[in-house]
1. Students often get this wrong, so check it: of A:LYS533/B:LYS530; A:LYS505/B:LYS558; A:LYS628/B:LYS530; A:LYS628/B:LYS558; A:LYS560/B:LYS540, which have C-alpha atoms separated by over 22 Å?
2. Relative to 2.2 N^0.38 Å, what does the C-alpha radius of gyration of chain B come to as a ratio? Two decimals please.
3. Specify whether the C-alpha gyration tensor of the range B:434-528 places it in the rounded, prolate or oblate class, a ≥ b ≥ c being the square roots of the eigenvalues: rounded for a/c under 1.5, otherwise prolate if a/b is larger than b/c and oblate if not.
4. Report, by chain and number, residues whose modeled amide H sits under 5 Å from the one on B:ASP541, excluding near sequence neighbours (fewer than 5 apart, same chain).
5. Sequence neighbours fewer than 8 away in the same chain don't count; with that in mind, list the aspartates and glutamates whose C-alpha is under 20 Å from A:LYS468.
6. Taking each residue of A:522-534 in turn, how many C-beta atoms of other protein chains fall within 10 Å of its C-beta, and what is the average?
7. Report the charge-dipole magnitude of the protein assembly as shown in Debye, nearest 20, computed about the Cα centre from +1 at each Lys and Arg Cβ and -1 at each Asp and Glu Cβ.
8. Full extension from A:ARG621 to A:GLU597: what is 0.36 nm times the residue separation minus their Cα-Cα distance, to one decimal in nm?
Number of protein chains: 2
Amino acid sequence: MNLDDKNGTTVQIRSADFKPRRNFTNWLIGKPLQTADAPHQTIGRAIGLAVFSSDALSSVAYGPQELMMMLAAAGMVSLQYSLPLVLCIVGLLAILTISYEQTIHAYPNGGGSYIVSRDNLGYLPASIAGAALLTDYILTVAVSISASVAQIASAFPGLLRWRVELAIVFIMLIMIINLRGVKESGVTFAIPTYFFIVMMYITIIVGLVRYFAGTLGIVANPPELTILAEPQALGLFLLLKAFASGTASVTGVEAISDGITAFREPRSKNAGATLILMALILGSMLIGVTFLAGQVSAIPSEHETLVSQISRTVFDGRGFLYLLTITGTTVILVMAANTAFADFPRLGAITAKDGFLPRQLTYRGSRLVYSRGIMALALLASLLIVLFRANVSGLIPLYAIGVFLSFTLSQSGMAHRWWKSGHLQPDQVKVEQGSEVRYEKNWVIKMFINGFGAVVTFFVTIIFAVTKFADGAWVVVILLPILVVIFFSIHRHYQNLAAHLTLEKYAGLHPLGRHRVIIPIASVHQGTLKALKYAESLSKDVTALHVSIDEDEAEKLKRKWETWGDGVRLVILESPYRLMIEPVIDYVAELSENRSENEMITIVIPQFIPRRFWTNALHMRTADTLRKVLMGQKDIIIVEVPYQVD
Amino acid sequence: MNLDDKNGTTVQIRSADFKPRRNFTNWLIGKPLQTADAPHQTIGRAIGLAVFSSDALSSVAYGPQELMMMLAAAGMVSLQYSLPLVLCIVGLLAILTISYEQTIHAYPNGGGSYIVSRDNLGYLPASIAGAALLTDYILTVAVSISASVAQIASAFPGLLRWRVELAIVFIMLIMIINLRGVKESGVTFAIPTYFFIVMMYITIIVGLVRYFAGTLGIVANPPELTILAEPQALGLFLLLKAFASGTASVTGVEAISDGITAFREPRSKNAGATLILMALILGSMLIGVTFLAGQVSAIPSEHETLVSQISRTVFDGRGFLYLLTITGTTVILVMAANTAFADFPRLGAITAKDGFLPRQLTYRGSRLVYSRGIMALALLASLLIVLFRANVSGLIPLYAIGVFLSFTLSQSGMAHRWWKSGHLQPDQVKVEQGSEVRYEKNWVIKMFINGFGAVVTFFVTIIFAVTKFADGAWVVVILLPILVVIFFSIHRHYQNLAAHLTLEKYAGLHPLGRHRVIIPIASVHQGTLKALKYAESLSKDVTALHVSIDEDEAEKLKRKWETWGDGVRLVILESPYRLMIEPVIDYVAELSENRSENEMITIVIPQFIPRRFWTNALHMRTADTLRKVLMGQKDIIIVEVPYQVD
């Protein structure tokens, strides 16, 4: 490096030296990556489907099952309503798909609910959407991992009692993989996703063939039924409640519109087509699984999943194909959790950049990922797993309400956007809150599509909140406003700070006035003299300060100071109550009150720095204590002059 | 205060302002006392006995009982050996009393084992004595409080299961009382001590009268026998072991020679007379209790104490006199623990002043007591209580070995002192290690008395260590050398430090060379500029340092610096791995390696100081991190320039 340029010049140093140290973390998550290493690869539809659909598709593994568990409260006969309810959910999926297809074209740079709400509705709705989504990403991890452990326990019932531990281990593994940085491309994603799709379709098709051939039996040794509600007659409330449970299946729809930038050009077109393909696969799977569940008389149960029951009936026992299906389902559920690990930190960073969360969330770690967000997610999801004993049915009532709330806000934002668009001249571009709005020909239709989506998802939100309130949705209903208040408190803090520190209309600082230097000394030795020398270099106006709790000691110190004190004024503060810190503080406070304009007070503290850790206990940390007390005061500066002994 | 005197003068300020703040602690332990408030009252023999004898006298409550529990291993018949063994212990008491009487006269300023060993044998024996005594003070508290709780539980068996909790509450109360500061004078001590003495004598005398009258019965409903050793035939080992258990009764003998200064003049004479009186009372009580225990066929038991059994037999049931006796015994045991609370912190302070323990132990708290030592003692004793479930018999094998070791060292020291004294000319005074030795006429006799004491206590130590080794004495045998090693490590640290910092043969510091000032900046705002202004006041040689992880941001900062940077040189460190701290450290390290002679580097860090606690989480604490890393380096000084926003 060139270290000695003249004043007034700017030097730019780029050195390979600024490399992180080798340590355990590097070993665990891989060697650091340069900012320039950030991947700019884009992906096509086939890989795109694999990358973004695991959350959505994996919900086949728990959505219909939760719906049936709820219905079972009205007796086994009521399970006949499963298929109609799932059809309603597939209808909802269709509405969402069409709505989001529009969003993808309007926001080619990525249009998650937070961004769409912020750009079109403002910061308050945006922060509601942000809070809802962040909460739901945590729940996605908890639900998906719990469901994947339930799959494993279906195949190996002996593992049932270890499900919490197993779930935590899964989360830790996913966390480490994500801290290493997952390239959102490549076969890593494609293989498990397509494997799951293939296995599910094989199960469904073989099942249907055997159904039509009349050779499909019913579940042998069915597990114990799990009923989630009090036994009751089938009524509208229970139907709505079962429907609400099932909506967990469509929560993954937003993923693609979040990640449009990852697609190859024309990216909006590719992303849109992928979304539609995903919806078709998801819809057909939901219908297939629910239909077969009815035909094989599968029992919704905590002890064995629906997928496991169907599969072992279709394939006649726990054979090779059965195990492949369970493996595929388990892996896709883990992948779904993995999606949240990509989305949560990214949304956290966007929100933090807007000043609603701590700025630290915008810094990328050594592997170019938002490490703090990843670790926060793992921690919070693990906490939920422990609290709910890795029980999917316990978590479901908290899940989905936030997703549907953010759907509603996002769709409302889009509808509002189309309305604005319609009121522009052709070729006119309006920039509002950083986003461009152009005139669109078919704005009325588009507005109605998104508006309809908003209304439907709003009703689903209300249904969910009402029917699941007592089961746990109340937690989210209380939590979201609290989160929004926290977001705005943080935002206000940053804004306030920026306003106070801005250089706009800033006249510049007054020149420094008198510079008073105080040096508290406990005794006179080489360390003290070094600090004294330094103090004298700062100002001609130095005062040494000794707090005396023993007259003889003070007298000795005074004599020593006459020899070594360099003529510097010594003030001895007698401390009748044997306090060491308080007299210094009082003295400084008095100086501070009586100071002249722009007078600066610097306190130079000689501080012994022990070489060994344990010797810390043998010394007073006067400098630390003084710093803590005086740090909050204006124009008082603490300088620690360390002395070391070898 | 007069704040503006000229340079080169010394000002002494004594201000009532340096008063501690009002807070919870003050409320709990009382308002602060000035150093000048230290009590200088002295006490006579009657009060002196009360103040210093509680430890010794209270051992009547557990000494004979532990001895009998041990004997009971060879059957109830072997309990007939209790009285002979107790007579041996009283003989030991006599030897100790005569020995210590000599010490009291030789050390009119207080002659505890640590001081006597230090002055006559050197630091190693002294530190062994110190370690042994400190350990035993902790055990005194644990044993006395456990025994006092056992007394209460004898009267109210329902409290037996709460004994650990009760013991901890007692310790906390004694701690608070001692933090308030106990005046070692006055009736506070006299009432309970004399009350106990009176009640014990009433019990013993009434018992003896009834014995001679032939109306003394035996214990009704005796408690379950507790045997501490495997059933075995009576042999020498068991007899010695029982004797060792009983020696717990003479551990309190040193108290008076520790506290001679508290006595009225002629203090040595008064203190010596008090010691002899105490020994007489203790000896007669031990004999009386053991004799009566045999006559009433008292059963040594964990569930009811010997004193309780004797008392309810002598007084025919749990009546008023019985309750008074139990109350007196409980209170004296608590007082005994209290004695340790006076001695432990004082010995800690003496040892710390010699540099064997952290210096902080020499500072007196707001109530003029060594608060740190008091709190340490309470903590350690509570720990023992919890570990041993407040069981006296479990603690006894750890107790007394340390006391007898320190007795041995102290007596050896005294013997050595007489020997030195005999080799002086009459009227010659020899000062060795701070203590004066004068010629004494009867030095040979005195030497033999102390020498005999040393030999006897040495054998008791060995008997104790051997017979109790497996029961727990091994803990102390291992602990003591470890403590001594720690003492000497601390001592070496302080000595090493003093040698390095001494101003003897010190030529003075070189004048400061170049003074380079580095100011790391993340962005340019009012806070940064304030720090810049300050940096410029320190030296003409200022460099601003920006770590860049984003090129655009760096470009913006560069332009801002051109306007606001006061012509100060700006170095931009590009950090390809997005590290913030490491590039600064590397840069400083390179500067540091290449610096000229006596060059000083000061790092001025603008640091935002949040007004509210929670906002801390919204900012990086760069200054703290840099300080931690750079503090250990020579001639690098960290200055934090705080900026606050209202």
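1. Details: A:LYS533/B:LYS530 25 Å; A:LYS505/B:LYS558 19 Å; A:LYS628/B:LYS530 20 Å; A:LYS628/B:LYS558 34 Å; A:LYS560/B:LYS540 34 Å.
Result: A:LYS533/B:LYS530; A:LYS628/B:LYS558; A:LYS560/B:LYS540 exceed 22 Å.
2. 1.27
3. Judged from the Cα gyration tensor, the range B:434-528 comes out oblate (a/c at least 1.5, b/c at or above a/b).
4. HN-HN under 5 Å from B:ASP541: B:VAL517.
5. A:LYS468 reaches A:GLU66, A:ASP136, A:GLU230, A:GLU302.
6. Numbers: counts 0, 2, 2, 7, 7, 3, 2, 5, 3, 1, 1, 7, 8.
Mean shielding count: 4.
7. 340 debye
8. Between A:ARG621 and A:GLU597, full extension yields an extra 5.4 nm.
Every read-out reported here was derived from the displayed coordinates using simple, explicitly stated rules and does not represent laboratory data. In this text, all values refer to a predicted model and were calculated from it rather than measured experimentally. In this analysis, Cβ positions are derived from the backbone assuming ideal geometry, glycine residues included, and neighbour counts consider all displayed protein chains.
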